[in-house]
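Okay, so here's the structure we're looking at.
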Number of protein chains: 2
Amino acid sequence: MTTDTTTTDDASPGPLGRYMDVLELVAAFPGALTLGDVSSMLALPKTTAHRLLKGLVKAGLAREAVGGRAYDLGERLTRLVHATVDDDWLATLTGPHLRQIIESWGETCYLTRLAGGRIVVAVSQSPDVRWRGYVQPGIEMPVNAAASAKAIMAYQDDATLAQALAQPLPIVTANTRNDAAWVESELQAVRERGYATCIGEIDEGLAAIAVPVTLPDGMVLHALAMTGPLQRIMNERLPERIDALNTTGAALAKALALGAKIRERGAN
Amino acid sequence: MTTDTTTTDDASPGPLGRYMDVLELVAAFPGALTLGDVSSMLALPKTTAHRLLKGLVKAGLAREAVGGRAYDLGERLTRLVHATVDDDWLATLTGPHLRQIIESWGETCYLTRLAGGRIVVAVSQSPDVRWRGYVQPGIEMPVNAAASAKAIMAYQDDATLAQALAQPLPIVTANTRNDAAWVESELQAVRERGYATCIGEIDEGLAAIAVPVTLPDGMVLHALAMTGPLQRIMNERLPERIDALNTTGAALAKALALGAKIRERGAN
DNA sequence: ATTCTTGTTCCGAAATTCGGAATTGCATTC
DNA sequence: GAATGCAATTCCGAATTTCGGAACAAGAAT
């Protein structure tokens, strides 16, 4: 049994595994990655690398760069993502609000959204480009750790919450807890304080604070969050930050409600 | 020869073909598409659909929705795109400018960019959500038809231009021309008038106008465009539109140059 | 003209996928 | 609580595909 070829846990890369490896490489060096590069970087025979690349191209996931000597991402890929996320209108709507905050506080701010039982980043803005690497639109926020996720989940009905807690909850740092009881107590704390925190639970040195964005009908589907180095976020000016988030959050709620109404009208 | 199994023109879907079909379906109904749906919509045996879906999940391109009964797009996909496009800062920078135009004119506006010899949409905003379907970030604009592409290509050196013209140029409508000579004359016209047009060359009833965005150092890497129904765009108010685009384009040029400088500084 | 590098085609051996049939799991109904 | 219906999943032999070494073209550099 120990010599079984099919690993019991099934961590096999699957049929698309190597295609994805190549694709990720292409994404890392768009428009500048040549066949030889792929071959040597992934230790694949030239022939195999060639076949994989051509396969990606035929599938529309990659395409040959203009010179012909290199590859970059195909537009079918781009279209796929943009078709789903469709947070464009949300971005244009909330952009100015976010910008206002980051200008006064100089920290990364983002708006998350409840989408299909998960919390995902909808819009993200930062004063420093380098920070944006982590918080990018479409990224999922873990319910048991992220401030923005707690801020939303604290105001969902029991069914939604139970479903979210039934998912595997990741442990990322020594400060991460993933037992349901703890999460529930954390959410209770959010309801009492009116804001959520994430203190080194995702990255040792980073903290985040988030407030729920309560729509006019009382629903909470979004959260507004600010993140940065732990000691710079969780200091004596914390109350001020929360105030700022709440003020902007209220404005956002109105804008979002209006936006949704307009969108609905246009979709008939 | 006619009965040859390997088609000479090689329009085969490739090994990833069916995976992509499924993935596109998932993207169309994110979080709500069940195995049975895929099976019946693509006329695949349940077994096959199942295997394809699981393959996508294992590759990180799709994932099971929280309920477990449905699928949506995986975040590896999202991350791939956002890692490359990286037009986020560009979007936040140009967003307000674009919004200003669409508010006064009520037409779809977008910024395109020269990227690796191709013209791609960087930022796009529209008063009506439905229009956005076509002009989406990442989409490539054909050099021989799109106004935004002509506006940029008219100011490139001969090598870049030659390379672009060496690519296969698509014919999409009866108004599309794809011979190099015609394109060159069109570019000459752009240089004389200062703006580019696309009159039903991409979609019969649609027109677009575009102006180059000239950076402080004289380079043209971007174009600002407005698109809409032909008779609404190409009417007697055309000069005013061009003026508006030029004004905003000048403001954008400054913003872009500054943005690039800041980004460069942060990247050291 | 020649050499080197890079991309492409061929083809037999090996491993994979293919999809029908049977099975499990879950919710709804009687 | 048993029974029913539906959707998802596992099994498995047949068939198709991929795999990658070796030979082959196509430029670029010397």
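Details
- Residue in region A:119-138 that is open to solvent by 10 Å² or more (accessible area, probe 1.4 Å), under 19 Å from B:ARG63 (Cβ atoms) and more than 10 Å from chain B (Cβ to nearest Cβ) present: no
- Of the helices (runs of 4 or more DSSP H) that lie entirely inside region B:12-102, those containing 1 or more residues that are within 11 Å of DNA strand C (Cβ to nearest atom) and facing another protein chain (nearest Cβ under 8 Å) span B:17-28, B:46-59.
- Among the residues of region B:103-119, just one is within 10 Å of B:LEU221 (Cα to Cα) and either free of Cβ contacts under 8 Å to residues at least 60 places away in the same chain or part of a helix (DSSP H, G or I) (or both), namely B:ALA115.
- Search result, residues across region B:27-47 that are over 20 Å from A:HIS82 (Cα atoms), open to solvent by 20 Å² or more (accessible area, probe 1.4 Å) and more than 7 Å from DNA strand D (Cβ to nearest atom): B:ASP37, B:SER40, B:MET41, B:LEU42, B:ALA43, B:LEU44, B:PRO45
- Condition broken by B:LEU187, with the remaining ones in (1) open to solvent by less than 20 Å² (accessible area, probe 1.4 Å); (2) free of Cβ contacts under 8 Å to residues at least 40 places away in the same chain; (3) closer than 19 Å to A:ARG79 by Cβ satisfied: (3)
- Note on region B:49-65: residues that are more than 20 Å from B:ARG79 (Cα to Cα) and more than 9 Å from DNA strand D (Cβ to nearest atom) amount to 1.
- Residue list for region B:203-251, restricted to those being among the hydrophobic types (A, V, I, L, M, F, W, C) and surrounded by fewer than 21 Cβ atoms within 10 Å (Cβ to Cβ): B:LEU206, B:LEU215, B:MET219, B:VAL220, B:LEU221, B:LEU230, B:MET234, B:LEU238, B:ILE242, B:ALA244, B:ALA250, B:ALA251
- Scanning region B:153-170 for residues that are touching a Pro at 6+ places or on another chain (Cβ under 9 Å) and away from chain A (no Cβ under 14 Å) yields B:ALA154, B:TYR155.
- Among the residues of region A:140-152, the one identified as open to solvent by less than 10 Å² (accessible area, probe 1.4 Å) and within 11 Å of chain B (Cβ to nearest Cβ) is A:MET141.
The values are calculated or read from the model by the stated rules, or taken from the named source; none is laboratory data. Only a predicted model underlies this, so the values are computations on that prediction, with no experimental measurement involved. We place every Cβ from the backbone using ideal geometry, glycine too, and count neighbours over all the protein chains shown. Areas reflect the complete protein model, heavy atoms only, side chains present, ligands, DNA and RNA absent. Shrake-Rupley method; radii C 1.70, N 1.55, O 1.52, S 1.80 Å.
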